[in-house]
Amino acid sequence: MKIIRLDAWMYSLPLSEPYTIAYETVTQAENIFLRLATDSGIVGCGCAAPDEKITGETASQVLDVLRERVPPLFVGADPLLITRLLESIGTQLADNPSARAAVDMALYDILGKAAGLPLWQILGGYRDSIRTSITIGIQSVDSTVEKARKWVGQGFTSLKIKGGVDVEEDVERVLKVREAVGPEIELRFDANQGFSVQQSIAFVESTASAELELLEQPVPRNQLEALENVTSRVSIPVMADESLMSLRDAFRLARGEMVDMVNIKLMKVGGIFEALQINSVARSAGLESMVGCMDEAGLAIAAGLHFALSRPNVHYADLDGHLDLLNDPTRDAVILHNGTLYPTGKPGIGFDLSDL
């Protein structure tokens, strides 16, 4: 089997409702879809969801990379030699993780389609579904409570509350949400780098009665000593997100016992191949993993889902990035029922871009 053509194009996906986190307000997302056609008729599908503040890429840069720099390395190559192909772009596209993720997805999609099996089974086949959290951006206390009730009413049993701008208001929002949804709903909090060490400690102490499940990325991404300090001084698990961008980051965080958990996002780390290795480092260090996402179309969410389903220490999923995207042509790449995500059951990632 040989790759004969690569097609890439951009899709602008408005959000049904803008959301705010500690460092930005998002109104729409640009995703880049990718097709790798082979001489056997199998077509692999991938998706990039760059975020300049996190991945360091713009959508136009990713599109240029996929159209100009990848084809000379891939056309004529055997797509089943996944490691060789990904190594060939790993150094050249070191600063383009979401572009690498799109290529990575397409190659794994071809593998699954060639085998006639869903990708999660090929990768390990540990579980066939996983519960996802749903995210509530920074907004007023009343609006946060209203959103929490809405999502619980739709079957979600795990809520992630964003904050990191105003500690006192964050505390109030968490306590009011717990009061509104009751003790059975899991609550997670993501400060998105917005806290200091002292603010993190004060926040955890003030929300103790809410029994938060975890505190995600409380301090700036490069302040690893501060991250370790928070982890050692609070009573709930601390998760690294923006501080984890690569396999080397995973090793550094694990070796220094700087966190209790890691959030692995395909767009940050460069795809499934790297995510598998990062997760192995996490597991060796006794760290639990969560598979997260950016503002990603359903196709990219599906790739993250297949990875999550394949590994036993991936205990958490935060794969809701597609739910607020309007006009997503790949929304049906995953199945959502009562807050739980399921793959489509089709070979590969489970969705075909040929009709777009």
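Which order do peptides 10-17, 116-123, 141-148, 86-93 fall in by mean Cβ count within 10 Å, highest first?
Sorting 10-17, 116-123, 141-148, 86-93 by mean packing, highest first, produces 116-123, 141-148, 86-93, 10-17.
Of the candidates H322, H306, H337, which one comes out as most mobile in a Gaussian network treatment of the chain with C-alpha springs shorter than 10 Å?
Top of the fluctuation ranking is H337.
Check E216: other-chain or 5+ apart residues with amide H under 5 Å from its amide H, H built from backbone geometry?
Answer set, sorted by chain and number: F189, D190, A191, M239.
According to a simple spin-label model (label point 7 Å from Cα along Cα-to-Cβ), what is the distance in nm between R127 and E184?
According to this spin-label approximation, the distance is 1.9 nm.
Out of the total accessible area of the chain (probe 1.4 Å, heavy atoms of protein only), what percent is carbon and sulfur?
On the way: 6350 of 13870 Å².
Of all accessible area on the chain, carbon and sulfur atoms account for 46 percent.
For the pair A285 and S196, what calculated FRET efficiency results from E = 1/(1 + (r/R0)^6), where r is the Cβ-Cβ distance and R0 = 30 Å, to the nearest 0.05? Don't skip to the end; give the middle numbers.
Working: r = 26 Å, r/R0 = 0.87.
E(calc), rounded to 0.05, equals 0.70.
Which whole-angstrom value gives the distance between the alpha carbon centres of the stretch 1-78 and the stretch 268-315?
A separation of 19 Å, based on Cα centres.
For the stretch 86-243, what number of Lys pairs, 8 or more residues apart or on separate chains, have alpha-carbon atoms under 15 Å from each other?
Working: K147/K160; K147/K162; K147/K176; K150/K160; K150/K176; K160/K176; K162/K176.
Here the count comes out as 7.
May I ask you to give the average projected area over all directions of the convex hull of the Cα atoms of the stretch 172-262, in nm² rounded to one decimal?
Working: hull surface 22.1 nm².
That works out to 5.5 nm².
Kirkwood hydrodynamic radius, computed over distinct alpha-carbon pairs, for the stretch 297-340: how many Å, to one decimal? Don't skip to the answer; put the middle values down first.
Numbers: mean 1/r = 0.0911 Å⁻¹.
11.0 Å is the Kirkwood radius here.
Rounded to the nearest whole Å², what accessible area per residue is found for the chain with the 1.4 Å probe? Write out the running numbers ahead of the final one.
Working: 13870 Å² over 356 residues.
Heavy-atom SASA per residue in the chain reads 39 Å².
Between D95 and S12, what is the label-to-label distance in nm when each label sits 7 Å out along the Cα-to-Cβ direction?
2.6 nm
Place a point 7 Å from the Cα of A208 along the Cα-to-Cβ direction; which residues of the stretch 164-182 have their backbone N under 20 Å from it?
Under cut-off, by backbone N: 167-179.
Would you work out the relative contact order for the stretch 268-356, in percent, from Cα pairs under 8 angstrom that are 6 or more residues apart? All intermediate terms of the calculation are to be shown ahead of the outcome.
Values: 115 pairs, mean separation 23.9, N = 89.
Normalised by residue count, the contact order of the stretch 268-356 is 27 percent.
Between L80 and Y342, with labels modelled 7 Å along Cα→Cβ, what's the label distance in nm to one decimal, could you check?
3.1 nm
In Å, what Rg and Dmax follow from the Cα atoms of the stretch 64-203?
Cα radius of gyration and Dmax of the stretch 64-203 are 21.7, 60 Å respectively.
Using the reciprocal of the averaged 1/r over all distinct C-alpha pairs, how large is the Kirkwood radius of the chain in Å? Mind showing how you got there, number by number?
Working: mean 1/r = 0.0492 Å⁻¹.
Kirkwood radius, the chain: 20.3 Å.
Between E24 and S88, what FRET efficiency follows from the Cβ-Cβ distance if R0 is 35 Å, with the result rounded to 0.05? If you can, show how the numbers build up before the last one.
Numbers: r = 34 Å, r/R0 = 0.96.
The value I calculate is 0.55.
Working out 0.36 nm times the residue gap between L117 and R252, then minus their Cα-Cα distance, what length gain in nm do you get to one decimal? Display every interim value, and only then the final one.
Values: separation 135, 0.36 × 135 = 48.60 nm, distance 3.54 nm.
The span from L117 to R252 would gain 45.1 nm if fully extended.
Place a +1 charge on the Cβ of each Lys and Arg in the chain and a -1 charge on the Cβ of each Asp and Glu, then give the dipole magnitude about the Cα centre in debye, rounded to the nearest 20.
On the way: 31 positive and 49 negative charges, 210 e Å.
Computed about the Cα centre, the dipole is about 1000 debye.
Based on the alpha-carbon set only, what is the convex hull volume of the stretch 118-167 divided per residue, in Å³?
It is 115 Å³ per residue.
For the stretch 52-57, take each phi angle, set θ = phi - 60°, evaluate the Karplus expression 6.51 cos²θ - 1.76 cosθ + 1.60, and give the result in whole Hz per residue in order, putting x for glycine and proline.
Residue by residue, the stretch 52-57 yields 4, 6, 10, 8, x, 10 Hz.
Between S40 and H315, what length comes free when the chain is fully extended (0.36 nm per residue of separation minus the Cα-Cα distance, one decimal in nm)? Show your work: numbers first, answer last.
Working: separation 275, 0.36 × 275 = 99.00 nm, distance 3.73 nm.
Full-extension gain reported as 95.3 nm.
5 Å is the cut-off here: which amide hydrogens, built 1.01 Å from N in the peptide plane, fall below it relative to L341, excluding neighbours closer than 5 in sequence?
I130, R131, T132
The values are calculated or read from the model by the stated rules, or taken from the named source; none is laboratory data. Fair warning: this is a prediction, and the values are worked out from it, not measured in the lab. Don't worry about glycine lacking a Cβ; one is built from the backbone with ideal geometry, like all the others, and counts go over all protein chains shown. Side chains are part of the model used for accessible areas, which takes the heavy atoms of the whole protein and leaves out ligands, DNA and RNA. Shrake-Rupley method; radii C 1.70, N 1.55, O 1.52, S 1.80 Å.
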